[in-house]
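Structure, as structure tokens:
The values are calculated or read from the model by the stated rules, or taken from the named source; none is laboratory data. On a predicted model such as this, the values are computed, not experimentally measured, just so you know. Don't worry about glycine lacking a Cβ; one is built from the backbone with ideal geometry, like all the others, and counts go over all protein chains shown. When the accessible area is computed, the model is the full protein with side chains, heavy atoms only, and any ligands, DNA or RNA have been set aside. Shrake-Rupley method; radii C 1.70, N 1.55, O 1.52, S 1.80 Å.
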Amino acid sequence: MTTVTVTSQIAAPVEKTFAMFTDIEHATEHVSGIKEIEMLTPFKFGLGTRWRETREVLGRFDSAEMEVTAFELNKTYTITHHKAGAGVHTVFNFEPSPTGTKVSIEFALDNQGLPPGLLTPVSWAIAGKVREVLGHDLDDMKRSVEQS
């Protein structure tokens, strides 16, 4: 399993920060790497919410169906999707801090039945690219939250 974590301080209260992070319908306005969102469930963000997200990755467009698989209002949520036989779990945590909100994003890639060691040779490359993408997404969201 490959795991990557990025963290940032956002100068806004937890409730405002959490609300912007979970406003999936408007994600393309806040995160430059997200090119399109197609909502697959009609209800408010929470456990079971699903959408198709299209990103530009290495110069190509790539879509994945996302689902919220864990949710605790203003504290944490987990987004899960599957790609090429691997499970991807991204956990977002929100903690009050003296200057606003500490946001941590943990990305975990699970081989889900692939032969042991198959991903090991490339896990360092995956981790580096994921850290770059998550860091950029977090910087974009920090700007959006603090400017609103």
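Only residues that are more than 25 Å from K129 (Cα to Cα), in contact (Cβ under 8 Å) with a residue 12 or more places away in the chain, surrounded by 14 or more Cβ atoms within 10 Å (Cβ to Cβ) and aliphatic (A, V, I, L, M) were counted across segment 1-53, and they come to 2. The set of residues from segment 20-70 being aliphatic (A, V, I, L, M) and within 20 Å of V145 (Cβ to Cβ) comprises M20, I24, A27, V31, I34, I37, V68. Just one residue in the set V88, V103 is at pLDDT 95 or above, among the β-branched types (V, I, T), open to solvent by less than 70 Å² (accessible area, probe 1.4 Å) and touching a Leu at 6+ places or on another chain (Cβ under 9 Å); that residue is V103.
Residues of segment 5-49 that are charged (D, E, K, R), within 20 Å of T69 (Cβ to Cβ), modelled with pLDDT of 95 or more and more than 13 Å from the chain's Cα centre (by Cα): E38 alone. Scanning segment 34-58 for residues that are part of a loop (DSSP other than H, G, I, E, B) and farther than 22 Å from T76 by Cα turns up just one, L58. Taken over segment 6-33, residues that are closer than 28 Å to F61 by Cβ and outside any helix (DSSP H, G or I) amount to 7.
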